[in-house]
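Participant: Handing you a structure now.
Every number in this text was worked out from the coordinates using simple rules, so none of it is lab data. Source: prediction; values computed, not measured. Positions of Cβ are generated from backbone atoms using ideal geometry, with glycine treated the same way; all protein chains shown enter the neighbour counts.
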């Protein structure tokens, strides 16, 4: 039977509040194995131990970071396991991809028991797997700023932080290899996406598919404040693609080089790259997932 992996701190404590209801809903479906993290980053360890004792299906109660860490443990193990998400994070981008972002615990449990699995692509950036996106420049700077926001929750955290950074972020120099017709130079942001959403509220890759064997790269050239505001509003609606300062490309293998070792956002978590040169590639159909009917594209 599946294991429920819980990060009680996800969503600024939202996961801890939902857990008792989730346990009741899952117990009715026969899912009673609950693994709760006690410290940041324990998801990989708990997942690895569960796989060693024969667990092959996981329901993740948490945010994008929790989903990413569970997926990394599965993919590094080389053992085929099933994953789905009951979202309780800030952006819940992966749950939006799976179509479970508005599902109740009982509905997610029903999906898992039904077990209609599909295999999706994942990304690999700097040796770390990602389910939804990785980003550089403005994206990473905004994520860093969210840690200082105390009174907001959900999508509002990222929107507020992005608006504040919009007027102060200075841009980043990037050399691009692997994306045709994309010029290297000063950029506001670079995102490489498997799913369509970023930070919950931004449809950063409106044409992305987790089934096409490619990643959607978006390059936002640096610009003045007025243009930045237009980009911000366009990214919320998914209409930024086609704006003069925006370039987009489907890529299978991409290399980005920065003047210094960059900070990078991966599935809603901040990491520092291993070197100034970062390789990103698509790993086709690498992970088995359970999704809402009609959700995967």
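Participant: Can you tell me the FRET efficiency between residue 52 and residue 148 if r is taken as the Cβ-Cβ distance and R0 is 25 Å, rounded to the nearest 0.05?
Facilitator: Once rounded, the FRET efficiency stands at 0.05.
Participant: Set the Förster radius R0 to 41 Å, insert the Cβ-Cβ distance between residue 177 and residue 104 as r into 1/(1 + (r/R0)^6), and round the FRET efficiency to 0.05.
Facilitator: Taking R0 as 41 Å, the efficiency between residue 177 and residue 104 is 0.35.
Participant: Kindly list the residues of the range 79-94 that lie in the label zone of residue 1, defined by a backbone N under 14 Å from the point 7 Å along the Cα-to-C-beta vector.
Facilitator: none
Participant: Considering only DSSP beta bridges where both residues belong to the chain, give the percentage that are antiparallel (nearest 5).
Facilitator: 75 percent
Participant: Spin-label point model (7 Å from Cα, Cβ direction): what's the residue 119 to residue 166 distance in nm?
Facilitator: Going by the 7 Å Cα→Cβ label model, 4.2 nm.
Participant: Let me ask another. Rank these for me by crowding, 240, 128, 180, going from fewest to most other beta carbons within 10 Å.
Facilitator: Result, fewest neighbours first: 180, 128, 240.
Participant: Right, something else. What does a probe at residue 212 reach in the range 272-293, counting residues whose amide N is under 16 Å from the point 7 Å along Cα→Cβ?
Facilitator: From the range 272-293, the list is 282-285.
Participant: Return 168, 257, 37 ranked ascending by Cβ neighbour count within 10 Å, so the fewest neighbours appear first.
Facilitator: 168, 257, 37
Participant: How do 212, 93, 116 rank when sorted from fewest to most other Cβ atoms within 10 Å of their own Cβ?
Facilitator: Neighbour counts put them in this order, fewest first: 116, 212, 93.
Participant: Please check which bits of the range 58-76 a label hung off residue 283 would reach, taking the label as a point 7 Å along Cα-to-C-beta and the cut-off as backbone N under 14 Å.
Facilitator: The answer is 68-76.
Participant: Based on alpha-carbon centroids, what's the gap between the range 6-74 and the range 215-282 in Å, whole number please?
Facilitator: Here the two parts' Cα centres lie 30 Å apart.
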